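Okay, structure first, notes after.
The values are calculated or read from the model by the stated rules, or taken from the named source; none is laboratory data. Predicted model, so just to flag it, every value in this text is computed and none were measured. Quick reminder, even Gly has a Cβ in these numbers, built from the backbone with ideal geometry, and neighbours come from all protein chains shown. Calculation scope for accessible area: heavy atoms of the full protein, side chains included, ligands and nucleic acids excluded. Shrake-Rupley method; radii C 1.70, N 1.55, O 1.52, S 1.80 Å.
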Amino acid sequence: MPPLAALVFLSLGRHPLAGLAAGLAGAGIGFTANILIAGTDALLSGISTEVMKTIDPAITVSPLDNWFFMSASTFLLAFLGAFITDKIVEPRLGTYTGDKKADLHDLSPLENRALRNTGIAALLYIAAIVVLLVIPNSPLLNDDGTILRSPFLSGIVPLLFGFFLTTGITYGVTVKEIKKAADVPQIMAEAIKDLSGYIVLIFIIGQFIGYFNWTNIATWMAVNLAALLHAINLTNIFAIVLFILLVAILSLFIISGSALWSLVAPIFVPTFYLLDYHPALVQLAYRVGESSTNMVTPLNPYFAIILGFVLLYNKKAGIGTLMSLMIPYTIVFLIAWILLMLVFVFFNNAGVDGFLATSKYDVTIKGVAAHSGIFAEKGKNALLASAQAALALHSLPPHSEGMFRVNVGTLEAGSGRNIIPSLAKMQFEIRAENTDINAFYETKVEQIFKGIEAMYDVEVELNKVGYAINVPSDLQLAKVIKEVAKSQSSINEVIEYRDFKSGSEMQHLS
């Protein structure tokens, strides 16, 4: 694709390296974005499902699970790629002054006929699949006659194989490359030779995952990593964003997407699952990070090939030339992809509402220790100060415009029965129906602890360690999901709406 794009740009009087960069951005950086189900979907989802067997065998990842996001990404990246090429890359290159000329020739009548026949074969194949989907009691549909969880979706890979086999044979027969039935397996064998290294890699990946599961190292690492994320209060969607950035860095050194996923999936898929993130979302995040940077690293085996084409148009070009061409695409695509993912996460809430805004606090109160019998007047009681603060927090009045809740979860203080406590630690949270009410009570919290400082002559460290806004649900989407769910024979009851009074730790499940 990149060499063809360069040739097209050259024939139009534009800089060929701009076309090459645009083609490489689409085929290389944006290769995982597709409106069709591709081999990447099947391969990565297979690894994800295999990994989940170590922690919850009931959870599977389908090749279609990332389809909506990747379909939207196709159009977003196409627009951004065109914009970057036209406004950033080509102006930097200037006018092409090389001696390379476009050498285009028309297709032969035989090739034109082959393309026509191939198109007809493709349409007939698609029509046959459509007919099988609409006939009563179709073998491609579920028992209840719907497409969800049907043989069509679970068998999408062999169906795609049949499509490309049909079109390939049609073209080969027309151009007389295939003259007898024995030519088909021979041509397929020739193609498999180029995939031999890939097949060996898949075998090694399977062994690695198998041994990794057998040792239970993945589960151990996942539990401990999840505990660490909980300990540092990093359990929201931005933990996924950090994972994307980590994968983007690793992709500079481990070029194979399937190989890298086989390394990180056994650790991060269970980790985020324990934080209530579905493996399909983790897989999606991985694809965003891995795709964004794999065409700016010289370790990519295609990098040298593409550099050879660059040298056709610029004899002085080097590794830095190609890297500088691709860096704008990498940066913009990565940022846009992360933002699109956040849009999908935050604005695809359906059926569960009432998620509250919330703030989480850790408080340390420092007093002065003293013997309760000899020097009681010299002590400054941190325990009494914290107890008074807890009572004051739970005495906050309700708000006229919406719900408010407060809870002191932990309070630790004291070292002995005859020692005035010099240190107290408290953890508490507030929750409110919306962000404005939550902000109102945040001010009240600060006032309470300023009063505690003055009343007990202690030092207070008030730290807000967590925060989340309220997230309203999309009720129209809930109605659509309800209608789909009602068509499933395995579902006995459909609850279109539920007022779920929770906070940030549940919002990503909405």
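Going by the conditions given, is residue 422 out of contact with any Pro (no Cβ under 9 Å at 6 or more places or on another chain), of a type in the set (S, T, N, Q) and either within 30 Å of residue 343 (Cα to Cα) or at pLDDT below 90 (or both)?
no
Tell me, which residue of segment 157-193 that is of a type in the set (Phe, Trp, Tyr) and either more than 16 Å from residue 38 (Cα to Cα) or free of Cβ contacts under 8 Å to residues at least 24 places away in the same chain (or both) is least open to solvent (accessible area, probe 1.4 Å)?
If we take residues in segment 157-193 being of a type in the set (Phe, Trp, Tyr) and either more than 16 Å from residue 38 (Cα to Cα) or free of Cβ contacts under 8 Å to residues at least 24 places away in the same chain (or both), then 171 is least open to solvent (accessible area, probe 1.4 Å).
Is one or more of the residues making up segment 288-299 at pLDDT below 80, over 23 Å from the mean Cα position of the chain (by Cα) and not β-branched (Val, Ile, Thr)?
Yes, segment 288-299 contains a residue that is at pLDDT below 80, over 23 Å from the mean Cα position of the chain (by Cα) and not β-branched (Val, Ile, Thr).
I'm trying to understand the selection: among the residues of segment 410-419, which are over 14 Å from residue 366 (Cα atoms) and either crowded, with 18+ Cβ neighbours inside 10 Å or at pLDDT below 90 (or both)?
416, 417
Find all pairs meeting these conditions: Cβ atoms under 8 angstrom apart; at least six residues apart or on different chains; first residue within segment 390-418 and part of a helix (DSSP H, G or I); second residue surrounded by fewer than 16 Cβ atoms within 10 Å (Cβ to Cβ).
392/451
Could you list, in sequence order, the residues of segment 211-241 that are surrounded by 13 or more Cβ atoms within 10 Å (Cβ to Cβ) and at pLDDT 70 or above?
Residues satisfying the conditions are 236, 237, 239, 240, 241.
Where residues in segment 97-141 are in a loop (DSSP other than H, G, I, E, B), at pLDDT 75 or above and open to solvent by less than 100 Å² (accessible area, probe 1.4 Å), which of them is nearest to residue 6 (Cα to Cα)?
For segment 97-141, the residue satisfying everything is 107.
If residue 436 meets every condition in (1) acidic (Asp, Glu); (2) modelled with pLDDT under 90; (3) closer than 30 Å to residue 377 by Cα apart from one, which number is that one?
(3)
Would you mind telling me which numbered condition in (1) more than 26 Å from residue 281 (Cα to Cα); (2) open to solvent by 10 Å² or more (accessible area, probe 1.4 Å); (3) in contact (Cβ under 8 Å) with a residue 40 or more places away in the chain; (4) not hydrophobic (A, V, I, L, M, F, W, C) residue 40 fails?
Among (1) more than 26 Å from residue 281 (Cα to Cα); (2) open to solvent by 10 Å² or more (accessible area, probe 1.4 Å); (3) in contact (Cβ under 8 Å) with a residue 40 or more places away in the chain; (4) not hydrophobic (A, V, I, L, M, F, W, C), residue 40 violates only (1).
List the number of the failed condition for residue 380; all other conditions in (1) more than 42 Å from the chain's Cα centre (by Cα); (2) closer than 14 Å to residue 449 by Cβ; (3) of a type in the set (D, E, K, R) hold.
Condition (2) is where residue 380 drops out.
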